[in-house]
1. Assuming residue 128 fulfils every condition listed in (1) out of contact with any Pro (no Cβ under 7 Å at 6 or more places or on another chain); (2) open to solvent by 10 Å² or more (accessible area, probe 1.4 Å); (3) of a type in the set (A, V, I, L, M, F, W, C) apart from one, which condition is it?
2. Among the residues in region 342-358, are any closer than 23 Å to residue 139 by Cβ and either in a loop (DSSP other than H, G, I, E, B) or touching a Pro at 6+ places or on another chain (Cβ under 7 Å) (or both)?
3. When you go through (1) over 18 Å from residue 242 (Cβ atoms); (2) within 14 Å of the chain's Cα centre (by Cα); (3) not basic (Lys, Arg) one by one for residue 344, which number turns out not to apply?
4. Would you mention how many residues in region 77-97 are open to solvent by 60 Å² or more (accessible area, probe 1.4 Å) and farther than 20 Å from residue 143 by Cα?
5. I'd like to check something: does region 378-386 contain any residue that is more than 30 Å from residue 92 (Cβ to Cβ), open to solvent by less than 20 Å² (accessible area, probe 1.4 Å) and not in a loop (DSSP other than H, G, I, E, B)?
Amino acid sequence: MNYEFKKSPTTMRKINSFFLLLMLTFLCPALAQAQLQRSEAFKGKYKLKEVVILSRHNIRSPLSTNGSALSKMTPHEWTNWSSAASELTLRGGVLETEMGQFFRKWTIETGLFKDNYVPTIDEVNVYANSMQRCIATAQYFSGGFMPVANLRVNHRYVSSKMDPIFFPRLTKSTEAFRTEAMKQINAMGGKEGLVGINKSLKESYDLIAKVLDMKQSEYYKKGEIKDFVNNDTQITLELNQEPGMKGSLKNANSASDAFILQYYEEPDGMKAAFGHKLTTEDWTKIAKVKDVYGDVLFTAPIVAVNVAHPLLQYMYDELNDKDRKFTFLCGHDSNIASVDAALGVEEYSLPNSIEKKTPIGSKLVLEKWVDAAGKAYIAVNLVYQSTDQLKQMSLLDLQHAPQIFSLKLKGLNQNTDGLYTFEDVNARFLQAIRAYDDIK
């Protein structure tokens, strides 16, 4: 027998919502999970107790001043930036204020703070690396986050000096360390090592050279600027220095970084590409160089636990501070990349962004939730503005949220709500911290 079933509007909405969630789960499981963590059902089970954020600074100007290597790579003039070289731009300040406003709305909605709350000095900690772009980012974020609290942005030195907490330098570098580090770095390129890494970037290299119109550069014609090749990359792992690089990947990264920032800063896409018409896929290829550059220098496991050691200790202490409710740490993409790698974050590729690992202004967010029985859990998310949100300077609130991407920790199990136990995450931090001591 055939039965005709008429569905009510309420039933249809439920069915549509179910299929939308199902589709999100299959097409983008991490985003679906992150949204589940902010559902009403979730908030009925857990209470937010603390948030620890490790942020990358927002849009800065590149090192593209007259006489720089970047200026020599192209016959074109880079954007007339609204800030001095390497400092936060006006657009970067606006975008970071919007992120602060989103976190304001979110922490009020979850009950962590009341509207216009003025915290004690122990409840909120805003701490930035002593570089102008980091201090300024933290200042803009705090203004949007708690506009009447007059939060102090803590930083250790006068502007433009690296703080040891955020300085991704090697504080151990022996022959044995360098041998193991190079073994792990070469493994990223398969059997061909660094050559293999560069070969995987051929399309990106060719596109960058084309958009630069590099061969039309006066310095290219003189032989001072050369083509990007796959066999000249060298890695340096010197004591008390950041992991360093020479060769094509280093040079292409400088151009990639400048193009990405110029694309965010310049409303006219063709102008940002020096008159070339590029697709989103093209911009993603250009950004891939920067993603790979960061991976090569900072995510080999033995390198990550070395350069991230002070920051891992600081974040661990913040997570275990009984009085702390909110921590905002502002550093660099190298900080997020090395902390992620040291903690064993699974490989990921971010949607809706040309930067797939640590987009400009992105935030590693550790949320401490407690259930009715008093048991603590941790959610690990990467929060970032999509490329469209960055370019359009979209206003952010709970209905127009930034991208929220759930990160997975290798070897640890999440509960059905996508949370790790606090004990497991604490143990993972201690494991990463002690791995530093194992470096001989």
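The values are calculated or read from the model by the stated rules, or taken from the named source; none is laboratory data. Nothing here was measured: the structure is a model prediction, and the numbers come from that model. So basically every Cβ, Gly included, is an ideal-geometry build from the backbone, and we count neighbours across all protein chains shown. To get the accessible areas, we keep the full protein, side chains included, count just its heavy atoms, and leave off ligands, DNA and RNA. Shrake-Rupley method; radii C 1.70, N 1.55, O 1.52, S 1.80 Å.
1. Looking at each condition in turn, residue 128 falls short on (2).
2. There is at least one residue in region 342-358 that is closer than 23 Å to residue 139 by Cβ and either in a loop (DSSP other than H, G, I, E, B) or touching a Pro at 6+ places or on another chain (Cβ under 7 Å) (or both).
3. If we test residue 344 against (1) over 18 Å from residue 242 (Cβ atoms); (2) within 14 Å of the chain's Cα centre (by Cα); (3) not basic (Lys, Arg), just (2) comes out false.
4. Looking only at that region, the number is 2.
5. Taking region 378-386 first, the residues more than 30 Å from residue 92 (Cβ to Cβ) are none.
No: region 378-386 contains no residue that is more than 30 Å from residue 92 (Cβ to Cβ), open to solvent by less than 20 Å² (accessible area, probe 1.4 Å) and not in a loop (DSSP other than H, G, I, E, B).
For every residue, the table says whether it meets (1) in contact (Cβ under 8 Å) with a residue 12 or more places away in the chain; (2) among the basic types (Lys, Arg); (3) not in a helix (DSSP H, G or I).
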position: 284; (1), (2), (3): yes, no, no
position: 294; (1), (2), (3): yes, no, no
position: 310; (1), (2), (3): yes, no, no
position: 317; (1), (2), (3): no, no, no
position: 323; (1), (2), (3): yes, no, yes
position: 340; (1), (2), (3): yes, no, no
position: 360; (1), (2), (3): yes, no, yes
position: 370; (1), (2), (3): yes, no, yes
